[in-house]
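Here the structure is laid out as structure tokens; the discussion comes afterwards.
The values are calculated or read from the model by the stated rules, or taken from the named source; none is laboratory data. Predicted, not measured: the structure shown is a model, and the values here were computed from it. Don't worry about glycine lacking a Cβ; one is built from the backbone with ideal geometry, like all the others, and counts go over all protein chains shown.
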Amino acid sequence: MSIGIVGTGISGLHLALRLRQFGIDATLYTAQGPDDIRSGPPLNFVTRFDSTRERESALGVTEWSSPAYDNAWMHLHLEGPDGFSFRGRLPKPASSVDFRMYLAALLEEYQRRGGDPVHLRVADRAGLDRLAERHELVVVAAGRGALTDVFPRDDARSPYRSAPRRLAGGLFHGVRPPEPAGMTMHMVPGAGEIHAPTYHSFAGQVTAVLVEAVPDGPFAELTGRDHRGDPDGFAKEVLALVTAHAPALRERVDEQDFALARPVDLLQGAVVPVVRRGWAALAGGRYALAVGDAWIANDPLTAQGANLGSELAFLLADVLRAHTGRYDEAFCRAASERMWQRAQPVVDFTNLFIGPPPAHLGTLLGTAAADQRVADAFVAHLDRPAAMWRGLASPEGTDAFIARAQTVRSAA
């Protein structure tokens, strides 16, 4: 059998590497080489949880296994007069590495293992139709541009029609790591969130400061303008916003040293959370199957997107290895539905956090601030989104989540 894979994000690369391990014939199509990926602006600030790191180990990818790249703690601050803070330790550390470095290294690893990526920009359905002449199945893992139009929006699974947050951020010098070192999130009611994970990038250890702005809220002015022509001015605006809304983060900033690591290290944009239909008919009776961002786009608030993309790539690789028939619509529908069983809790968990907060979510976070056992359980479940969703889907589920957490010993 012959499979074409379009896209070199984490889903496409993990799928391509996994299929090579399985001895399955697949061709990877990429619009960029490793140096192109490294030299571009950041498209995201990814934290890879332990489950993803275990899949990397299964792939034999060990470049980022050093503790120097680890983030073992999560600090959460609810800002405002009635605010509170808590921290929790992950059972096993997450890793925060510049995704441009990470993806470029994976593409080079794919080449070292005998993969021969085809440098070809596949931009639309016509491009996929041409690939269908060469392959029995085309897997689309590229989540930007007109390719996503091939897969219609699934209205029943997509509650948002516009972006609930606008994004602006960058990689900065001049921020001390928190104590203990790790990731921080500052939730500002009515305004949005400020993420600040310790990050490893081309300039060594930096801090990724990402502002997620509620439209028309106090953060909207920062995210509503193009700052690429004035990176120094952008840094000053970010510092002013942090000073006004995130005092615990401001305490860790050295104003004299606070600056973008490089002018290119600036991110702006927005994500419309969406689930698309997972397959599409192509020319000649063949099909395209969507995975990763081509299928599901999640807001980055809960840090689930890349981790879900890796998980679904491994699941799809197992499905492809076990399949012996044609790659027809029935196969694509079944494969997509099987992946949805894994993806749905992640989508629902993320959508809950970016929507109007239900009372039981406030109860959980408030209890975590008062009880370290609950804080540890909340942070641990960032890498267990299905179990997290069971604890957040209803007030009763939250009560049960808290009760279970309070029966164990604190890790802090």
Which one of these does residue 68 not meet: (1) surrounded by 14 or more Cβ atoms within 10 Å (Cβ to Cβ); (2) assigned to a helix (DSSP H, G or I); (3) in contact (Cβ under 8 Å) with a residue 60 or more places away in the chain?
(1)
If residue 374 meets every condition in (1) crowded, with 17+ Cβ neighbours inside 10 Å; (2) within 29 Å of residue 10 (Cβ to Cβ) apart from one, which number is that one?
(2)
In this structure, is residue 150 in the same structural domain as residue 304 (by TED's automatic domain parsing) and either more than 17 Å from the chain's Cα centre (by Cα) or farther than 23 Å from residue 361 by Cα (or both)?
yes
In the list 389, 340, which residue meets the criterion of being not in a loop (DSSP other than H, G, I, E, B) and not assigned by TED's automatic domain parsing to the domain that holds residue 9?
389
Report, by residue number, each residue of region 278-331 that is of a type in the set (Lys, Arg) and out of contact with any helix residue (DSSP H, G or I) (no Cβ under 8 Å at 6 or more places or on another chain).
326
Hey, can you tell me all the residues within region 348-390 that are farther than 22 Å from residue 156 by Cα and aromatic (Phe, Trp, Tyr)?
378
Does any residue of region 368-377 turn out to be touching a residue at least 60 places away in the same chain (Cβ under 8 Å), among the acidic types (Asp, Glu) and in contact with a helix residue (DSSP H, G or I) (Cβ under 7 Å, 6 or more places away or on another chain)?
no
So if I check each of 382, 361, which one is without any contact (Cβ under 8 Å) to a residue 60 or more places away in the chain, buried (at least 16 other Cβ atoms within 10 Å of the Cβ) and outside the structural domain of residue 301 (by TED's automatic domain parsing)?
361
